[in-house]
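Read through the structure below, which is laid out as structure tokens, and then see the notes.
The values are calculated or read from the model by the stated rules, or taken from the named source; none is laboratory data. In this text the structure is predicted, and so the values were computed from the model without any measurement. Positions of Cβ are backbone-derived with ideal geometry, glycine not excepted, and every protein chain shown enters the neighbour counts.
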Amino acid sequence: MAKWEGKAYAKLAGCKAEQVWPLLQDFFGLDKWFPTLTTCLPVEGVSGQPGCVRFCAGFKTPVDGGDKEAMNWTKQKLLSIDPDDMVFSYSIEEGNVGFDSYVSTVKVLPEEDGCGIEWKYEVKPVEGWRLEDLDFFIGSGLQVMARRMEAALQLFQASMDQ
């Protein structure tokens, strides 16, 4: 069975790629940026080193029922990271959301008037989902992440200008 493949993109105006990369490469800090994610804890290894594992929980997905009490969770493993190219990839090792063989690559792309974040992913088709659901979940989450990072960097820059 063919895997689903998707890609999301978010532009960050006025933010240099070199400013955004340190925020993204903090593998154990995803809960600072991704909406609906309440927990991101180290399970093993050192953040930012291939092989490290994080436990993420608390997120709602587009196919969760409104009455669902269960907490969504995944364990995610950093597969590779290249600080020079500002890119990393990770996989979902286990979880209760039905993502099987999920692998994602996240890259910061320098642009003339800021930068962008590209999030590519592939996964075996997920029961009860459509690819559009996954595209929406990752795409909308990435947009919120980008806005939060922009705001944090603007605040930081303003404090430096004092």
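Residues of segment 1-21 that are over 30 Å from Phe156 (Cα atoms), touching a strand residue (DSSP E or B) at 6+ places or on another chain (Cβ under 9 Å) and not aromatic (Phe, Trp, Tyr): Lys3, Glu5, Gly6.
At least 2 residues being under 13 Å from Leu24 (Cα atoms), free of Cβ contacts under 8 Å to residues at least 12 places away in the same chain and within 16 Å of the chain's Cα centre (by Cα) is the threshold, and among the strands (runs of 3 or more DSSP E) wholly inside segment 71-162 not one reaches it.
Cβ-Cβ contacts under 7 Å between residues 6 or more apart (or on different chains), taken from a first residue in segment 40-59 that is among the hydroxyl-bearing types (Ser, Thr, Tyr) to a second residue that is in a loop (DSSP other than H, G, I, E, B), are listed as Ser47/Asp26. Filtering segment 135-148 to residues that are crowded, with 16+ Cβ neighbours inside 10 Å, out of contact with any strand residue (DSSP E or B) (no Cβ under 6 Å at 6 or more places or on another chain) and of a type in the set (A, V, I, L, M) leaves only Met145.
Of all the residues in segment 13-22, those that are more than 15 Å from Ser89 (Cα to Cα) and either among the hydrophobic types (A, V, I, L, M, F, W, C) or assigned to a loop (DSSP other than H, G, I, E, B) (or both) number 6. Looking at segment 95-105, is at least one residue modelled with pLDDT under 95, of a type outside the set (A, V, I, L, M) and either in contact with a helix residue (DSSP H, G or I) (Cβ under 7 Å, 6 or more places away or on another chain) or farther than 24 Å from Lys77 by Cβ (or both)? Taking every residue of segment 95-105 in turn, none turns out to be modelled with pLDDT under 95, of a type outside the set (A, V, I, L, M) and either in contact with a helix residue (DSSP H, G or I) (Cβ under 7 Å, 6 or more places away or on another chain) or farther than 24 Å from Lys77 by Cβ (or both). For segment 26-40, the tally of residues that are touching a Pro at 6+ places or on another chain (Cβ under 8 Å) and of a type in the set (Val, Ile, Thr) stands at 0. Residues of segment 71-128 that are among the basic types (Lys, Arg) and either in contact with a Cys (Cβ under 6 Å, 6 or more places away or on another chain) or surrounded by fewer than 18 Cβ atoms within 10 Å (Cβ to Cβ) (or both): Lys75, Lys120, Lys124. Taken together, the criteria exclude Asp31 from residues that are modelled with pLDDT under 95, in a loop (DSSP other than H, G, I, E, B) and under 20 Å from Gly95 (Cβ atoms). If you go through segment 41-70 and keep only what is crowded, with 16+ Cβ neighbours inside 10 Å, at pLDDT 95 or above and not in a strand (DSSP E or B), you end up with Gly45, Cys52.
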